[in-house]
Amino acid sequence: MVSPRAVRSALAVVLVVVALSGCAHAAPGATPTVSPTVHATATPSHQAGSASPSPTASPTAGASTSEPSAPADTAAGLAAAVRACQAIAGGFSAANVSAALAPAAEAAGNDPAWQPLSDDLTFIANNPIDPNTGEGPQKTVDDASAVADMCFSQAGVQVSQD
Amino acid sequence: MATPRRRRRTIIRAALLALVCAMIAGLPLAAPDAPATAALAQPAESVCVDTCTNVPATAQAAAQSLMTSYGNGTLIIEWAERAIIPAEIQPIANGTIGQTPQCNIDTRTLQTLVIIIRNYGSVQVSDLNRHCANDGVATCGSNPTSRHCVPSSGPNAMDITYIGGARTRGNDSASSILLRFLDSFLPNGSRAGQASGGDNCGVYSMPGLANISRFTDFCTHIHVDLGSTTAGLRNLRTR
């Protein structure tokens, strides 16, 4: 028969083991990101659109200009949004932004959740940053960041902000 | 049949074995930065205290400090962007940057590089102001909204590929060490470009940070910028 003292000793050791394991998992270096926009497990660009969250979950969705009674075609909206995001994947050059406008508008037409994407790209196209001097509206830069975030988090496409 | 004493000994041995196993298994998670720490050239602060003391207050003074570092090999510029010294940092140090204002760099970025060199012994940079030094691929034409290109008064982004001899790809422990340190003095609203986890960047951990948010980037470097904030570096002190 195991003595009570032995049982207590074993329990104490087990408690120490559990505590140490817990501490290890809570170490700062192993803490997942607290990033408000990017998740380490989010869909990378080579899986564009294949496993991304529904665009209807957009936190910035609003201000729809489409027919309020028209039902959203989320699949068609996502497909068009992926094309728009892929067009600007390399950066927000004038040519890339221009190429993204039509699919972004198509995405917004299919699903109002993509309206911010279309609006932001339209603003960037109409208010570009001068590539020679860096002059241009701050809103253009901020909108580019918002578009890149939306493309990655909702369309699964990585857009360069570097 | 085993005696009570033998049973007790067996239980204690098993518990001790479990303890050792748990410690071994838990060690990498508890100290993920150990390999990078070992690779760094000198003991480093995890929070900017001594290294944030008497930081050059002006762009010119910070650039002069960086020119000294460049001269003694502790500021290393990658070959493709070698124009960073003659086109950007040297004119700021000389006080002649007004002749080529498109080549200017944000004062806080210059100060940050000074602090990084102080803390880790050296830094290798692959990008600052792309208007005047770039590799021909990542240019302000290809991405004019990059913080390497805006604002026109002086972009504030920096791409870092080594600190103290440890490679920083944005998906490694050296990058985590650097980000935690930067988080102790960069202004709130700063940003880091880190690997998305795709593009063969592998699995990586991200530290929880208070002042630096993230966007996805390729794992060839760690990108750091100050976003749209105009606030100065925090916790700088004079002695």
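Computed from the coordinates by the stated procedures, all read-outs in this text should not be read as laboratory data. Note that the structure is predicted; figures quoted are calculated from it, not measured. Quick reminder, even Gly has a Cβ in these numbers, built from the backbone with ideal geometry, and neighbours come from all protein chains shown.
Please report the orientation-averaged projected area of segment B:32-225, defined via the convex hull of its C-alpha atoms, in nm².
10.2 nm²
Would you pull out the residues with amide H under 5 Å of residue B:168's amide H, same chain only if 5 or more places away, H placed 1.01 Å from N? For residue B:168, the qualifying residues are B:162, B:163.
The Kirkwood radius of segment B:45-116, taken over pairs of alpha-carbon atoms, gives through the Stokes-Einstein law at 25 °C and 0.890 mPa s a diffusion coefficient of 195 µm² s⁻¹.
In order along segment B:65-78, phi translates into HN-Hα couplings of 5, 5, 5, 4, 5, 4, x, 9, x, 9, 10, 10, 10, 5 Hz, rounded to whole numbers, per the Karplus curve 6.51 cos²θ - 1.76 cosθ + 1.60 with θ = phi - 60° and x for Gly and Pro. Residue by residue, segment A:87-99 carries 3J(HN,Hα) couplings of 5, 10, 4, x, x, 9, 5, 4, 5, 5, 5, 4, 5 Hz when phi is fed to the Karplus relation 6.51 cos²θ - 1.76 cosθ + 1.60 (θ = phi - 60°); x denotes Gly or Pro. Per residue of A:143-154, other chain Cβ atoms within 10 Å of the residue Cβ number 2 on average.
Close amide H pairs (under 5 Å, H built 1.01 Å from N) link residue B:153 with no residue at least 5 positions away or on another chain. Residues whose amide H lies under 5 Å from that of residue B:215, counting only those 5 or more places away or on a different chain, are B:192, B:193, B:194; hydrogens are built 1.01 Å from N in the peptide plane.
Using the Karplus relation 6.51 cos²θ - 1.76 cosθ + 1.60 with θ = phi - 60°, the per-residue 3J(HN,Hα) values for segment B:216-223 come to 7, 8, 7, 8, 9, 6, 10, 8 Hz, with x marking Gly and Pro. The separation of segment B:56-122 from segment A:99-162, counted between C-alpha centres, amounts to 33 Å.
Using C-alpha pairs under 8 Å with a sequence gap of at least 6, the mean separation divided by the residue count of segment A:83-162 gives a relative contact order of 32 percent.
For the pair residue B:67 and residue B:137, the difference between a 0.36 nm per residue extended length and the Cα-Cα distance amounts to 22.6 nm.
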